[in-house]
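Asks: After the structure tokens below, expect a handful of questions from me.
The values are calculated or read from the model by the stated rules, or taken from the named source; none is laboratory data. Quantities reported herein were computed from a predicted structural model and do not represent experimental measurements. Cβ: placed from backbone, ideal geometry, glycine included. Neighbour counts: every protein chain shown.
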Amino acid sequence: SAAEKGGHDYFMLKEIAEQPKAVADTLLGRIDAAGSLTLDEVRIPAPVLREVDKVVVVACGTAFHAGMIAKYAVEHWTRIPCEVEPASEFRYRDPILGPRSLVIAISQSGETMDTLMAVRHAREQGSHVLAICNTNGSTIPRESDAVLYTHAGPEVAVASTKAFLTQLVACYLVALYLGQVRGTQWGDEIGAVVRDLSGISGAVERVLKTMEPVRALARSLAAKNTVLFLGRHVGHPVALEGALKLKELAYMHAEGFAAGELKHGPIALIEDDMPVVVVVPSPRGRSVLHDKIVSNIQEIRARGARTIVIAEEGDEAVVPYADHLIRIPATPTLLQPLVATVPLQVFACELATARGNEVDQPRNLAKSVTVE
Ligand code: G6P
């Protein structure tokens, strides 16, 4: 009913709108007044966490994209090698695991069979398993050594939105916590990131207020066959997530690429007026990354692409090459996915609607896949 959907046409729209609160709720009580992380709920003892020599993230679908972003955070803030793999592939290649491996299983439902089987396999190898999950008392947290719950609230739409943002928050918290427990060289940076995280819910709120042009753009592209998504660094998983959303909801051919890989093949796909969404990293900090992506945008535009550029407020360098410009608030590089994903969710939802698709219940998909 309309009431259940909080006045929105679809659960997906309601859940997109709930993201600022979901993000804030997932941070709540986990950072103390001094800016330290208080994750006592992660019942893996600190001495065990200090001994961890490898982190392995397993998940499926959208949660897998959260895992890809976790890798950047874990390796940067803790200097522990981190792998990420689709849960469905994990156990079949006999992965190298042991008591010093920390396996992080990310799942909104806590019932995804592929992820559960990966968890069981990891525990059989003596590894410690931490679940990041949105559903209290579900199977994956019950079978894990510890759980960090995301507090997104129930997610009804099949395509994951608010659960994804809270999975990212949980991944950042775990990475920062590992850094804190192990006393890495990034002490100052960790403090700064914790402060930035505290303001991120407001940034998500601001993005949501500027989505009308994104909806209009989506409607204008309803007759297109293909949309490509490009990103670098954490923008790469964001691009993959943007493409996944479009497949799931709009049933369109959509692909995400690492922008630097473009010249090694995918650039051949570009045809006149083909929409290409580019997620641009902040020009501050890692400016090399930014310069590279600006030339990627020029390259695709020279070949006829219609560029849809998602860039930080104040980033003027992209303006001459953007056929459509979507602004997002400035954030530290690693946190950008929390704001950059939101326009892609809105874009896919609006395109699905324009194409007459069922937004909350896309064809052939299930909210939780309990078979392998
Ligand atoms: C299904 C859903 C996806 C979801 C994936 C993982 O395929 O359609 O939206 O990302 O499962 O779900 P989980 O509950 O494990 O996060």
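One line per residue, one yes/no per condition, for (1) among the β-branched types (Val, Ile, Thr); (2) within 16 Å of the ligand (Cβ to nearest atom); (3) outside any loop (DSSP other than H, G, I, E, B); (4) buried (at least 21 other Cβ atoms within 10 Å of the Cβ):
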{"position": "Asp315", "(1), (2), (3), (4)": "no, no, no, yes"}
{"position": "Leu325", "(1), (2), (3), (4)": "no, no, yes, no"}
{"position": "Leu338", "(1), (2), (3), (4)": "no, no, yes, yes"}
{"position": "Ala348", "(1), (2), (3), (4)": "no, yes, yes, yes"}
{"position": "Thr353", "(1), (2), (3), (4)": "yes, no, yes, yes"}
{"position": "Glu358", "(1), (2), (3), (4)": "no, yes, no, no"}
{"position": "Val369", "(1), (2), (3), (4)": "yes, yes, no, no"}
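Asks: Now, a different point. Sort out which residues of region 67-90 are within 16 Å of the ligand (Cβ to nearest atom) and either without any contact (Cβ under 8 Å) to a residue 60 or more places away in the chain or closer than 17 Å to Ala170 by Cβ (or both), and write them in order of number.
Replies: Of everything in region 67-90, those that are within 16 Å of the ligand (Cβ to nearest atom) and either without any contact (Cβ under 8 Å) to a residue 60 or more places away in the chain or closer than 17 Å to Ala170 by Cβ (or both) turn out to be Gly67, Met68, Ile69, Ala70, Val84, Glu85, Pro86, Ala87, Glu89, Phe90.
Asks: Which of (1) surrounded by fewer than 20 Cβ atoms within 10 Å (Cβ to Cβ); (2) within 11 Å of the ligand (Cβ to nearest atom); (3) in a helix (DSSP H, G or I) is the odd one out, the single condition Thr115 does not satisfy?
Replies: Exception for Thr115: condition (1).
Asks: Right, here's the next one. Which members of region 158-173 meet the condition of being buried (at least 24 other Cβ atoms within 10 Å of the Cβ) and within 9 Å of the ligand (Cβ to nearest atom)?
Replies: Scanning region 158-173 gives Ala159, Ser160, Ala163, Phe164, Gln167.
Asks: Based on this model, can you work out whether Phe64 counts as within 14 Å of the ligand (Cβ to nearest atom), among the aromatic types (Phe, Trp, Tyr) and within 17 Å of the chain's Cα centre (by Cα)?
Replies: yes
Asks: Among the residues of region 86-112, which ones are crowded, with 17+ Cβ neighbours inside 10 Å, not hydroxyl-bearing (Ser, Thr, Tyr) and not in a strand (DSSP E or B)?
Replies: Ala87, Phe90, Arg91, Pro95, Leu97, Gln108, Gly110, Glu111
Asks: For Ala34, all conditions in the list (1) more than 16 Å from the ligand (Cβ to nearest atom); (2) aliphatic (A, V, I, L, M); (3) in contact with a Pro (Cβ under 6 Å, 6 or more places away or on another chain) hold save one; what is the number of the exception?
Replies: Status for Ala34: all satisfied but (3).
Asks: Kindly indicate the residue of region 15-52 that is farther than 17 Å from Val129 by Cβ and among the basic types (Lys, Arg) and also surrounded by the fewest Cβ atoms within 10 Å (Cβ to Cβ) among those meeting that condition.
Replies: Arg50
Asks: Among the residues of region 132-147, is there at least one that is away from the ligand (no atom under 11 Å from the Cβ), within 21 Å of Val23 (Cβ to Cβ) and free of Cβ contacts under 8 Å to residues at least 40 places away in the same chain?
Replies: So far as region 132-147 goes, yes, one or more of its residues are away from the ligand (no atom under 11 Å from the Cβ), within 21 Å of Val23 (Cβ to Cβ) and free of Cβ contacts under 8 Å to residues at least 40 places away in the same chain.
Asks: Here is a further query. Return the pairs, sorted by first residue and then second, in which the second residue is crowded, with 22+ Cβ neighbours inside 10 Å and not in a helix (DSSP H, G or I), the first residue lies in region 106-118 and is aliphatic (A, V, I, L, M) and at pLDDT 95 or above, the beta carbons are less than 7 Å apart, and the residues are 6+ apart or on different chains.
Replies: Close Cβ pairs satisfying both conditions: Ile106/Val57; Ile106/Ala59; Ile106/Ile132; Ala118/Val58; Ala118/Ala105.
Asks: Within region 193-223, work out how many residues are more than 20 Å from Asp273 (Cβ to Cβ) and of a type in the set (Gly, Ala, Ser).
Replies: Adding up the residues that qualify gives 5.
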